[in-house]
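Student: My questions all concern the structure below.
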Amino acid sequence: TNASIGDPSFGSRDAGYALGGGCVLATTDCGIHWKADTIPQPTVSPYPDCKVYEGSPKQVFALDALHAFVTLRVADTLIVQPGKSFYYGEKIHYTVYQTTDGGASWTELSNLPVIHALGAIYFRSASVGFLTCDSGRIYRTSDGGQNWAVEQLASISHGFGDIKFLNDRVGFLTVDSAAVLETTDEGLTWTWIPIPTNREEVSMTTASICFPDPTTILVSEVRTMYLVPAVYEFGFYRAKIPASAASVAEHKPGADPNALSISTYPNPARDAVRVQVAMRAPAPMRVDLLDILGKTVYSCAETNADFTLDVASLPDGVYTLRCAAGGESATAPFTLAR
């Protein structure tokens, strides 16, 4: 082809996909031969005053030999009015197509939220998947993409990029900041892990994630040196993953992943947050409140499983509440917005 080809994604040794020339390219013989499949174009815009102009495939993710997902960037244009350019007021949304038969047919996922800037798509299984996007949000599905739940993990000024899982429970997420996010409960909750920079005048964005071996994570990064003119540096951060995380056993359906659980109300909150903790048996707790960079901004000891935190002195933003008792711990994110 004379068109550019994106990174391939293989769901098995032989079956894989790539994007090129506005098509999905599929192989069933380990990449020796490829055939082009056309993704159906969406016909309905989510914006009432617009109509679909065109869609272009942006990313493909192969889960196994039969299941794969393709994201489309769709340009929506205003219904042209006299004196207005065709591209006047152009809007963007993304949609996702799925195959369950090795690429023989593709179906658009329904009930997808309106996303203006999509980072990545990743499915851990045929049921559990994630979409990363702008405005500090990610979306999680547990039914194969039929329904999506939004998670507000950062302020609306942040955007998320790559997402990868080491095993069934432990995963990592990159962000346009000097940090990565980690989950140890299948993506139900996330904790910010700051990455140190070498100089105060450096800004950083973490990009892609890979695992060279079961105990190592490699994160690519882009650093901007505040010089005139600006200087950009590209590199990798390498870290060892604790053996306890790397060896997490597969979570069996119906098992209790954590006997300690937290619920907060309201969320978003203004001046106070009510916290309810469920645990095996009453026990003294340590309570920590972490800001968006993982820094502890408040700590206390608590004996009641139902208590209220005074957060009136804290600035608006996304926080993580962490409670530990009886050798167990749990976290819950919440947002302050006034």
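Student: Limited to the range 78-113, what total is found for residues that are within 14 Å of residue 52 (Cα to Cα) and modelled with pLDDT under 85?
Tutor: Within the range 78-113, the subset within 14 Å of residue 52 (Cα to Cα) is 78-80, 86-95.
Filter once more, so that each one left must be modelled with pLDDT under 85: 78-80, 86-90.
So the answer is 8.
Student: Now for a different question. Please work out which one of (1) closer than 27 Å to residue 166 by Cα; (2) buried (at least 18 other Cβ atoms within 10 Å of the Cβ) is the condition residue 66 fails and give its number.
Tutor: (2)
For every residue, the table says whether it meets (1) more than 20 Å from residue 17 (Cα to Cα); (2) buried (at least 17 other Cβ atoms within 10 Å of the Cβ); (3) in contact with a Phe, Trp or Tyr (Cβ under 6 Å, 6 or more places away or on another chain).
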{"site": "102", "(1), (2), (3)": "no, yes, no"}
{"site": "116", "(1), (2), (3)": "yes, no, no"}
{"site": "122", "(1), (2), (3)": "no, yes, yes"}
{"site": "128", "(1), (2), (3)": "yes, yes, no"}
{"site": "131", "(1), (2), (3)": "no, yes, yes"}
{"site": "135", "(1), (2), (3)": "yes, no, no"}
{"site": "145", "(1), (2), (3)": "no, yes, no"}
{"site": "150", "(1), (2), (3)": "yes, no, yes"}
{"site": "158", "(1), (2), (3)": "yes, yes, no"}
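Student: Within the range 180-203, which residues are over 22 Å from residue 139 (Cα atoms) and modelled with pLDDT of 75 or more? Break it down into steps so the answer makes sense when it comes.
Tutor: Within the range 180-203, the subset over 22 Å from residue 139 (Cα atoms) is 194-203.
Scanning the range 180-203 gives 194, 195.
Student: Still on this structure: Does residue 127 fit the bill of being assigned to a loop (DSSP other than H, G, I, E, B), touching a residue at least 12 places away in the same chain (Cβ under 8 Å) and under 12 Å from the mean Cα position of the chain (by Cα)?
Tutor: On the way: assigned to a loop (DSSP other than H, G, I, E, B): yes; touching a residue at least 12 places away in the same chain (Cβ under 8 Å): yes; under 12 Å from the mean Cα position of the chain (by Cα): no.
In short, no.
Student: Let me ask something additional. Under 7 Å between Cβ atoms, which residue pairs at least 6 apart in sequence (or on different chains) link something in the range 172-192 that is under 21 Å from residue 129 (Cβ atoms) and in contact (Cβ under 8 Å) with a residue 12 or more places away in the chain with a partner that is acidic (Asp, Glu) and outside any strand (DSSP E or B)?
Tutor: Here the result reads 186/168, each pair linking the range 172-192 to a residue that is acidic (Asp, Glu) and outside any strand (DSSP E or B).
Student: Listed residues 312, 301, 305; which is hydrophobic (A, V, I, L, M, F, W, C), farther than 25 Å from residue 137 by Cβ and in contact with an Asp or Glu (Cβ under 6 Å, 6 or more places away or on another chain)? Show your work before the answer.
Tutor: Numbers: 301 fails: in contact with an Asp or Glu (Cβ under 6 Å, 6 or more places away or on another chain); 305 fails: in contact with an Asp or Glu (Cβ under 6 Å, 6 or more places away or on another chain).
One residue alone meets the criteria, 312.
Student: OK, next. Got a sec? Which of 129, 119, 136, 102 is over 27 Å from residue 47 (Cβ atoms) and touching a strand residue (DSSP E or B) at 6+ places or on another chain (Cβ under 9 Å)? Show your work before the answer.
Tutor: Details: 129 fails: over 27 Å from residue 47 (Cβ atoms); 119 fails: over 27 Å from residue 47 (Cβ atoms); 136 fails: over 27 Å from residue 47 (Cβ atoms).
Within the list 129, 119, 136, 102, the selection yields 102.
Student: Does the range 273-283 contain at least one residue that is part of a strand (DSSP E or B), at pLDDT 70 or above, under 22 Å from the mean Cα position of the chain (by Cα) and surrounded by 13 or more Cβ atoms within 10 Å (Cβ to Cβ)? I'd like the intermediate steps shown before the answer.
Tutor: In the first step, residues of the range 273-283 are kept if they are part of a strand (DSSP E or B); the result is 273-278.
Filter once more, keeping what is at pLDDT 70 or above: 273-278.
Retained after the next criterion (residues that are under 22 Å from the mean Cα position of the chain (by Cα)): none.
Within the range 273-283, not a single residue is part of a strand (DSSP E or B), at pLDDT 70 or above, under 22 Å from the mean Cα position of the chain (by Cα) and surrounded by 13 or more Cβ atoms within 10 Å (Cβ to Cβ).
Student: Within the range 284-334, which residues are more than 23 Å from the chain's Cα centre (by Cα), surrounded by 15 or more Cβ atoms within 10 Å (Cβ to Cβ), not in a strand (DSSP E or B) and not small (Gly, Ala, Ser)?
Tutor: 311, 314 - these are the residues of the range 284-334 that are more than 23 Å from the chain's Cα centre (by Cα), surrounded by 15 or more Cβ atoms within 10 Å (Cβ to Cβ), not in a strand (DSSP E or B) and not small (Gly, Ala, Ser).
Student: Please verify whether residue 333 is under 13 Å from residue 153 (Cα atoms) and either without any contact (Cβ under 8 Å) to a residue 12 or more places away in the chain or of a type outside the set (Gly, Ala, Ser) (or both), treating the condition exactly as stated.
Tutor: On the way: under 13 Å from residue 153 (Cα atoms): yes; either without any contact (Cβ under 8 Å) to a residue 12 or more places away in the chain or of a type outside the set (Gly, Ala, Ser) (or both): yes.
Spelling it out, residue 333 is indeed under 13 Å from residue 153 (Cα atoms) and either without any contact (Cβ under 8 Å) to a residue 12 or more places away in the chain or of a type outside the set (Gly, Ala, Ser) (or both).
Student: Taking the conditions exactly as written (buried (at least 17 other Cβ atoms within 10 Å of the Cβ), in contact with a Lys or Arg (Cβ under 8 Å, 6 or more places away or on another chain) and of a type in the set (D, E, K, R)), does residue 182 satisfy them or not? Before the answer, list the steps.
Tutor: Working: buried (at least 17 other Cβ atoms within 10 Å of the Cβ): yes; in contact with a Lys or Arg (Cβ under 8 Å, 6 or more places away or on another chain): no; of a type in the set (D, E, K, R): yes.
When the stated conditions are applied, residue 182 does not pass them.
Student: Does residue 245 fit the bill of being out of contact with any His (no Cβ under 8 Å at 6 or more places or on another chain), under 23 Å from residue 165 (Cβ atoms), modelled with pLDDT under 75 and not in a loop (DSSP other than H, G, I, E, B)? Walk me through how you get there before you give the answer.
Tutor: On the way: out of contact with any His (no Cβ under 8 Å at 6 or more places or on another chain): yes; under 23 Å from residue 165 (Cβ atoms): yes; modelled with pLDDT under 75: yes; not in a loop (DSSP other than H, G, I, E, B): yes.
So residue 245 fits the description; yes.
Student: Follow-up. Please go through the range 62-79 and give me each residue that is in contact with a Gly (Cβ under 8 Å, 6 or more places away or on another chain) and aliphatic (A, V, I, L, M), ordered by number. Walk me through it before giving the result.
Tutor: The initial filter retains those residues of the range 62-79 that are in contact with a Gly (Cβ under 8 Å, 6 or more places away or on another chain), namely 62-69, 72-75, 77-78.
Passing the criteria: 62, 63, 65, 66, 68, 72, 74, 75, 78.
Student: Sticking with this one: Quick one: count up the residues across the range 27-69 that are hydrophobic (A, V, I, L, M, F, W, C) and either farther than 24 Å from residue 128 by Cβ or not in a strand (DSSP E or B) (or both).
Tutor: Total meeting the criteria: 11.
The values are calculated or read from the model by the stated rules, or taken from the named source; none is laboratory data. Quick caveat: nothing in here was measured; it's all calculated off a predicted structure. Don't worry about glycine lacking a Cβ; one is built from the backbone with ideal geometry, like all the others, and counts go over all protein chains shown.
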